[in-house]
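Peer 1: The structure under discussion is supplied below as structure tokens; questions concerning it will follow.
The values are calculated or read from the model by the stated rules, or taken from the named source; none is laboratory data. Quantities reported herein were computed from a predicted structural model and do not represent experimental measurements. All Cβ positions, even for glycine, are placed from backbone atoms using ideal geometry, and neighbour counts span all protein chains on display.
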Amino acid sequence: MAPHESELRALLDDPDLIVPQFQPVFDIETGDLVGYEALARWTRFGDVGPFEMFATARELRVANDFDWLCRRAAIREARDTGLRKPLTLFVNVEPRGLRASAPFRVDAAGIAGVLDQINVVVELTERDLFHDPAAVVAAVEWARCNGVGVALDDVGANPESLTMLQVLRPDIVKLDGQVVRHPLDHPNTLRTVADYVEQTGAVILAEGIETTEHLRNSAALGARYGQGYLLGRPAPLPATPEHSVAELPKLDPVARAFPRLPSEILSRTTNVISPKSIVSDICFELGRSTAITSPPECVLVAMQPGPHHDEVVAGLEAVLNDHSLIGFVGAGLRPDSPLRGSDAVGFDGEVCTTILGIGYSAAVVGRRVDQSGPLLDRRYEWTITHDRDIVSALARCLMSRLAPLPDDNDGRCDSIDG
């Protein structure tokens, strides 16, 4: 039996035992209350925390069901207690759970009604980023389509996750408590977050504020919002807030859209027409440059069997452990390849290589414009770009096709459920 299996089964059998608590989130400049983060708790099994319970749920492959139940409990409690706009409800989600069918009947009209009454932000963690990036991209798209904000949680806990800021484009960057407590130990995190916030207008929320020193650090790091024991402990949601309230800003969802095909980017770039042989050579040389780059990066390639295919695959396999995320979208991967591949066959008649790091971005993308003549002589419209916005959009596009890690099938993944 898995650890805490009996306790988890009891919660799944009787979801009324799930009774969330809510930690307040404040504007640390004005003192206004802006919302609450819902935290999973239970009326029994108080010695078993959420981390342990969700770990057991993943082991038993019921994480999606358990996540749905915890989210439903949080939203119901917020709705029934009278939480309303302009306040925001922060809800932690398992991204794959948003694509999975719920273990209960979903009232789409009821959900729409709640979203009309309450500002909702979904929180995604770095664990999600690397285990199932396609699910994370889908979760962000679901949130945008439903008027829900996006927060990236625990930023700075793992420096490799910093490249994902540009890919996911969250409204809120939640600085990990370690960064707040020891800012001088995290210069790359602070620089990357500051650049992202300046570029996008996103806001910083500092976590783990437990002392006045942490509060001063948070303000000095550019955080406008904060939460932690100094400001308020998790507790039942009050019917009437004791503080003045204010609304969190949200980024423009239109600016966050990503192309469904890499070639859609070509409408935004200056392009040339060349034989496929030239485009393949350039993609190959760009991909080969990952062997000499230092900071961990996100490297994604989309191509079909043909020139340089096997060399590209071998090169990516050689640097697999040197980068945050390496993925290959297309046919032709060996069954025993350690590369993360795709569930789909890729993009017919298109090639794309993207490299996205903390201080570097580059991409080559091309599409076939005729099918006559020998394969290497067929003409492609293509471009090479270092525009960070474009490279980030291409990375989201390719990431949306990646398969999850093979040992991370922790629940059902049927469809987006309203």
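Peer 1: Looking only at the stretch 345-361, which residues are part of a strand (DSSP E or B), under 14 Å from Thr163 (Cβ atoms) and in contact with a Leu (Cβ under 6 Å, 6 or more places away or on another chain)?
Peer 2: If the condition is that a residue be part of a strand (DSSP E or B), under 14 Å from Thr163 (Cβ atoms) and in contact with a Leu (Cβ under 6 Å, 6 or more places away or on another chain), then Thr354 is the only one that fits.
Peer 1: Same structure, new question: Being among the aliphatic types (A, V, I, L, M) and over 26 Å from Arg169 (Cα atoms) is the filter here, so list the residues in the stretch 373-393 that pass it.
Peer 2: Correct list: Leu375, Leu376.
Peer 1: Report, by residue number, each residue of the stretch 278-337 that is among the β-branched types (Val, Ile, Thr), part of a helix (DSSP H, G or I) and at pLDDT below 85.
Peer 2: Hits for the stretch 278-337 are Thr290, Ile292.
Peer 1: If only one of Leu39, Leu124 is closer than 21 Å to Pro234 by Cβ and modelled with pLDDT of 95 or more, which one is it?
Peer 2: Answer to the selection: Leu39.
Peer 1: Let me ask something else about it. Step by step: first the residues of the stretch 41-87, then only those that are small (Gly, Ala, Ser), surrounded by fewer than 19 Cβ atoms within 10 Å (Cβ to Cβ) and over 26 Å from Glu247 (Cα atoms), then the one that is farthest from the chain's Cα centre (by Cα). Which residue is that?
Peer 2: Top of the filtered list is Gly46.
Peer 1: State whether one or more residues within the stretch 146-161 are modelled with pLDDT under 90 and within 11 Å of the chain's Cα centre (by Cα).
Peer 2: Yes - at least one qualifying residue is present in the stretch 146-161.
Peer 1: Sticking with this structure for a sec: Under 7 Å by Cβ, and 6 or more places apart or on different chains, what pairs join a residue from the stretch 303-321 that is farther than 16 Å from Gly346 by Cα with one that is basic (Lys, Arg)?
Peer 2: Note: pairs meeting the criteria are Gly315/Arg288.
Peer 1: So, one more: Mind listing whichever residues of the stretch 215-251 are surrounded by fewer than 19 Cβ atoms within 10 Å (Cβ to Cβ) and not in a loop (DSSP other than H, G, I, E, B)?
Peer 2: The answer is Arg216, Ala219, Ala220, Ala235, Val245.
Peer 1: Also: Among the listed residues Arg71, Arg61, Arg84, identify the single one that is part of a helix (DSSP H, G or I) and either closer than 22 Å to Pro170 by Cβ or in the same structural domain as His214 (by TED's automatic domain parsing) (or both).
Peer 2: Going through Arg71, Arg61, Arg84 in turn, just one is part of a helix (DSSP H, G or I) and either closer than 22 Å to Pro170 by Cβ or in the same structural domain as His214 (by TED's automatic domain parsing) (or both): Arg71.
Peer 1: Residue check, Ser263 against (1) at pLDDT 90 or above; (2) touching a strand residue (DSSP E or B) at 6+ places or on another chain (Cβ under 7 Å); (3) exposed (fewer than 14 other Cβ atoms within 10 Å of the Cβ), all met but one. Which one?
Peer 2: (3)
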